[in-house]
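Data block below; observations after.
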Amino acid sequence: MEASKVVHAIYNDDDVLMAAVKKVKAEKHHIEEIYTPFPVHGLDKAMGLAPTRIAITSFLYGCVGLTVAILMMNFIMIKDWPQDIGGKPSFSYLENMPAFVPIMFELTVFFAAHLMVITFYLRSRMWPFKKAENPDPRTTDDHFLMEVAVHGNEKELSSLLKETGAVELKFIDKEDTH
Amino acid sequence: MEYTISNRLKMASIVLIILGLIGVSYGFWDSHHYKTVDDVKVLLAEEAHHGDGHGEAHGADHGGTHATAGHHEADAHGESDEHAEEGHHMSHEEHVLHQIHNRPWAALYVGAFFFFMIALGVLAFYAIQYASQAGWSPVLFRVMEAITAYMFPGAVIVLLIAVASGTIGHYNIFTWMDPEVVEHDKLIQGKSGWLNMTSFVIRGVIFISGWALYRHFSRKFSIAQDNADDNKNFKKNFRISAGFLVFYIYTESMMSWDWIMSVDPHWFSTLFGWYVFASMFVSGITVIALITIYLKSKGLLEFVNDSHIHDLAKFMFGISIFWTYLWFSQFMLIWYSNIPEEVTYFMTRIEYYKLPFFGMLAMNFIFPLLVLMNSDYKRIPWFVVMAGIIILCGHYLDVFNMIMPATVVDRWFIGAPELGAVCLFGGLFLFIVFRALGKAPLLAKGNPMIKESEHFHY
C-alpha cells in the first residue's frame, strides 16, 4: 500500500546511499522507491527486493529462438527448396545440422536479447512518450533519490535521514499531486 | 595458515599409484599375449564367433570397413591408408597386432598428458592473474602454485613416454618416428624437417625448460613477497608473467602439434593449438575450483568466500563454451569442405568412436551449459564439484579422442590400461600437489592485492 505522505531524500554518492539504505531499513522504515542515475550494485539486495526473474525469461526466449531457427532452416533448406551446397544434398535436417548451427546460435541470442529488453521495458512500465515518473530530474544526472513513507513521524525521520548523509529533504503529500 | 598433507591423503595417493602401476603393467603384459600374426588370427576368429569386444563387430566385418576407410586415403594421395603404418604390404592381421601393442602405450600417454595439461593450464591461468593484476584471485594463488608444481614432472613424463615409444617401444604412438614408414610416405618425408626425433626432443626440452623457469621464479617471488616491505617481488612477477604468456602461447601451440597432432602425421588443423589450449584451460580452472572447495571443507582457506567459487564456476562455464566454439569451428570447416585428407580425421572418429566422440560433446558442452547457467548454482559447492567431475571426465575423453584413433583405431576400450594410467598419474598428481600445498602458507599475505581479494564480493 502506498503511503499518502512521503519524504524525498537526496544523496550525491552511491556508497553513502547504500549505507543509508541499510540504516533506514534497520530502523524499520519503508523505502518506497529509489531513483539513481546508474545501476547501483547490491542496491536491490539492500532494499530487500525480490530477486529478478528476467534471467528465466531470457532462457525461455532463447529456447524459442532456437526452435524458430530449427523450424525455419528445416523449411527453407530441406522442405521448401532443397539445395545442394558443397555436395551435401541429403534432404535430412540432422545430416546437414552442422551447417545450421551458426544460425541456431545467432537466433537464440537474438531472441533472448531483444525479447529480454522488451520484457524489461514493459515490466518497468516504460514505453515511448510516457510521462516520466521520476520526481527529480537531477537523478538522471548525478543525484540519488530515496523515497521513504511517512506515517506522522516526520521529525524522527528527518533527523535520521540527515544523519545518514542526505543533502536535501523534501516532504511531499501524494494526495495533492494526484 | 599452514597445511600439511594428511596421512590419509598420502596413503590414498600412494595406493592410487600402486593400483595404477598394476593396471598399466597388466595392460603391457596382456597386449604381449599376441606375439605373432597367427595369434591375432585366432583372436579375430574368436571375435567373429562371439561378437564381443565393444559392441562393434570387428573380425569378419572389420575387413570391409577397414577397406573403405583406406579407400579415402588412397583417393587423397594415391598411397596406402593411414593405418598402414609400415607400407602397403601389411596384412589386416598385422595391423591388428600393431594396434593391440599400441594400446597400453597410448593409454599411458593419454593419462600422462591429461594430468600434465591440467598443471600447464593452471600455470597459464596464474600468469594471466598476475599480468592483468586481477584483484579477485590472489587468495587462490597458493592453490594455483601447488597445482603447477606438477607441471614440470608431468611434462617430463609425457616427453619421456613419447621418446620411449619411439626407442624402447616399436613406434607405438608416433608413426613418423619409424624410419621404415617415412621411407614409403611422401607426406611425412615432406614434413621430416620438423618431425624427426632430434628436433622433437630439442623442442620438447625448450618448451619444458621455459615453462619450468617461469614457474620456479614466479613461485620464488610470490613467497618472497609474503614478508617483504615493498612491492618489488610483485612487480617482478608482473613482468615475468607478461613475458611468459607470450612464450607460452607460442610453445603451447607448437607443443600441441608435436605431442598430439603429429600422431596423425598426414593431418593438420591450423587452430589445433587453440583447441588444446581451451581444453587445458578449462580442466585447470576446474581443478582449482575442486581443490579450493576441498580445502574449504577442511576448514582451511576461510578467506575464500562464495564469490570466489562463483567466479571460478563462471570461468568453468565460460571456457566450456569457448572450448565448444573451437571444437565446432574445427569440425564444421572440415565437415563442410569435405576434403579427403582433412575429413579422414573425423571419419575415423565418427565411425569407430561414436560414443566417446559425441559423449564428450555432451559432457563438455551441454552439461556445463545447462547445469552452470543459473547464477545461484555456481555458489553451491557440491554443485560445482559435480559439474567439475563431469567436465574433467569429458576432457579426459577429449584427449582420448585425440590420441586413440591414430594408434589403436577401432581396438579401443576404457579398461585396465586406461584406468590404470589415470590412477597412476592421478595419484602422482595428488601427491605432488598436496605436498607442494604444505610447503608455503595458504595465504599469499604480502600480495598488494590481497585485501581487495579477501573483500571480493559479487
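The values are calculated or read from the model by the stated rules, or taken from the named source; none is laboratory data. In this text the structure is predicted, and so the values were computed from the model without any measurement. Don't worry about glycine lacking a Cβ; one is built from the backbone with ideal geometry, like all the others, and counts go over all protein chains shown.
One line per residue, one yes/no per condition, for (1) among the β-branched types (Val, Ile, Thr); (2) under 39 Å from the mean Cα position of the chain (by Cα); (3) farther than 18 Å from B:Leu370 by Cβ:
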{"position": "A:Gly48", "(1), (2), (3)": "no, yes, yes"}
{"position": "A:Thr57", "(1), (2), (3)": "yes, yes, no"}
{"position": "A:Val64", "(1), (2), (3)": "yes, yes, no"}
{"position": "A:Met73", "(1), (2), (3)": "no, yes, yes"}
{"position": "A:Met77", "(1), (2), (3)": "no, yes, yes"}
{"position": "A:Pro82", "(1), (2), (3)": "no, no, yes"}
{"position": "A:Gly86", "(1), (2), (3)": "no, no, yes"}
{"position": "A:Pro98", "(1), (2), (3)": "no, yes, yes"}
{"position": "A:Val101", "(1), (2), (3)": "yes, yes, no"}
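Surrounded by 14 or more Cβ atoms within 10 Å (Cβ to Cβ), away from every other protein chain (no Cβ under 14 Å) and either of a type in the set (Ser, Thr, Tyr) or in a helix (DSSP H, G or I) (or both): does that describe A:Ile118? Criteria not met by A:Ile118.
Only a single item in (1) more than 12 Å from chain B (Cβ to nearest Cβ); (2) out of contact with any Lys or Arg (no Cβ under 7 Å at 6 or more places or on another chain); (3) loosely packed, with under 14 Cβ neighbours inside 10 Å is not met by A:Cys63, and it is number (1).
Among the residues making up the range B:371-402, those that are crowded, with 22+ Cβ neighbours inside 10 Å and either under 19 Å from the mean Cα position of the chain (by Cα) or more than 14 Å from chain A (Cβ to nearest Cβ) (or both) are B:Val384, B:Ala387, B:Gly388, B:Ile391, B:Gly394, B:His395, B:Tyr396, B:Leu397, B:Asp398, B:Val399, B:Phe400, B:Met402. Restricting the first member to the range B:156-179 and to residues that are small (Gly, Ala, Ser), and the second to residues that are part of a helix (DSSP H, G or I) and surrounded by fewer than 21 Cβ atoms within 10 Å (Cβ to Cβ), the beta-carbon pairs closer than 7 Å and six or more apart or on different chains are B:Gly166/B:Met197. Residue check: B:Met151 meets all listed conditions (1) of a type in the set (A, V, I, L, M); (2) within 17 Å of the chain's Cα centre (by Cα); (3) over 19 Å from B:Ile240 (Cβ atoms) but one, namely (3). Does A:Arg138 satisfy the condition of being more than 14 Å from chain B (Cβ to nearest Cβ), in a loop (DSSP other than H, G, I, E, B) and out of contact with any His (no Cβ under 6 Å at 6 or more places or on another chain)? Considered against the rule, which asks whether it is more than 14 Å from chain B (Cβ to nearest Cβ), in a loop (DSSP other than H, G, I, E, B) and out of contact with any His (no Cβ under 6 Å at 6 or more places or on another chain), A:Arg138 comes out as no.
If you go through the range B:352-370 and keep only what is buried (at least 18 other Cβ atoms within 10 Å of the Cβ) and over 19 Å from B:Phe281 (Cα atoms), you end up with B:Tyr352, B:Tyr353, B:Pro356, B:Phe357. Being of a type in the set (A, V, I, L, M) and modelled with pLDDT of 90 or more is the filter here; which residues of the range A:106-148 pass it? Residues satisfying the conditions are A:Leu107, A:Val109, A:Ala112, A:Ala113, A:Leu115, A:Met116, A:Val117, A:Ile118, A:Leu122, A:Leu145, A:Met146, A:Val148.
Every residue in the range B:20-40 that is of a type in the set (A, V, I, L, M, F, W, C) and either more than 11 Å from B:Gly420 (Cβ to Cβ) or over 21 Å from the mean Cα position of the chain (by Cα) (or both), please. Within the range B:20-40, B:Ile22, B:Phe28, B:Trp29, B:Val37, B:Val40 meet the criteria. Checked against (1) modelled with pLDDT under 95; (2) under 28 Å from B:Gly426 (Cβ atoms), B:Val182 meets all criteria but (2). On the given criteria, is A:Ser92 under 23 Å from B:Phe328 (Cα atoms), out of contact with any strand residue (DSSP E or B) (no Cβ under 9 Å at 6 or more places or on another chain) and small (Gly, Ala, Ser)? Yes, satisfied.
Considering each residue of the range A:76-86 in turn, none proves to be away from chain B (no Cβ under 12 Å), of a type in the set (A, V, I, L, M), in a helix (DSSP H, G or I) and touching a residue at least 24 places away in the same chain (Cβ under 8 Å).
If you go through the range B:232-250 and keep only what is farther than 25 Å from B:Ile118 by Cβ and either loosely packed, with under 15 Cβ neighbours inside 10 Å or touching a strand residue (DSSP E or B) at 6+ places or on another chain (Cβ under 7 Å) (or both), you end up with B:Lys232, B:Lys235, B:Arg239. Would you confirm whether or not the range A:11-21 contains a residue that is within 14 Å of chain B (Cβ to nearest Cβ) and surrounded by 15 or more Cβ atoms within 10 Å (Cβ to Cβ)? The answer is yes; a qualifying residue exists.
Within the range B:317-342, residues that are away from chain A (no Cβ under 11 Å) and more than 30 Å from B:Arg379 (Cα to Cα) sit with their Cβ atoms under 7 Å from residues that are of a type in the set (D, E, K, R) and part of a helix (DSSP H, G or I), at 6+ positions apart or across chains, in these pairs: B:Pro340/B:Asp75. From the list A:Glu95, A:Glu106, the lone residue that is surrounded by fewer than 15 Cβ atoms within 10 Å (Cβ to Cβ), touching a residue at least 12 places away in the same chain (Cβ under 8 Å) and either at negative phi or not β-branched (Val, Ile, Thr) (or both) is A:Glu106. Within this structure, A:Ile34 passes the test of being surrounded by 15 or more Cβ atoms within 10 Å (Cβ to Cβ), within 22 Å of A:Glu133 (Cα to Cα) and more than 14 Å from chain B (Cβ to nearest Cβ). Can you name the residue in the range B:175-227 that is of a type in the set (Lys, Arg) and out of contact with any Ser or Thr (no Cβ under 8 Å at 6 or more places or on another chain) and is also nearest to B:Tyr248 (Cα to Cα) among such residues? In this case the residue turns out to be B:Arg203. Just one of the numbered conditions (1) assigned to a helix (DSSP H, G or I); (2) in contact (Cβ under 8 Å) with a residue 24 or more places away in the chain is not true of B:Trp136: (1).
For the range B:107-161, filtering for residues that are closer than 21 Å to B:Leu397 by Cα and of a type in the set (Asp, Glu) leaves 0. Out of B:Leu295, B:Leu355, one residue alone is part of a helix (DSSP H, G or I), more than 14 Å from chain A (Cβ to nearest Cβ) and out of contact with any helix residue (DSSP H, G or I) (no Cβ under 9 Å at 6 or more places or on another chain). It is B:Leu355.
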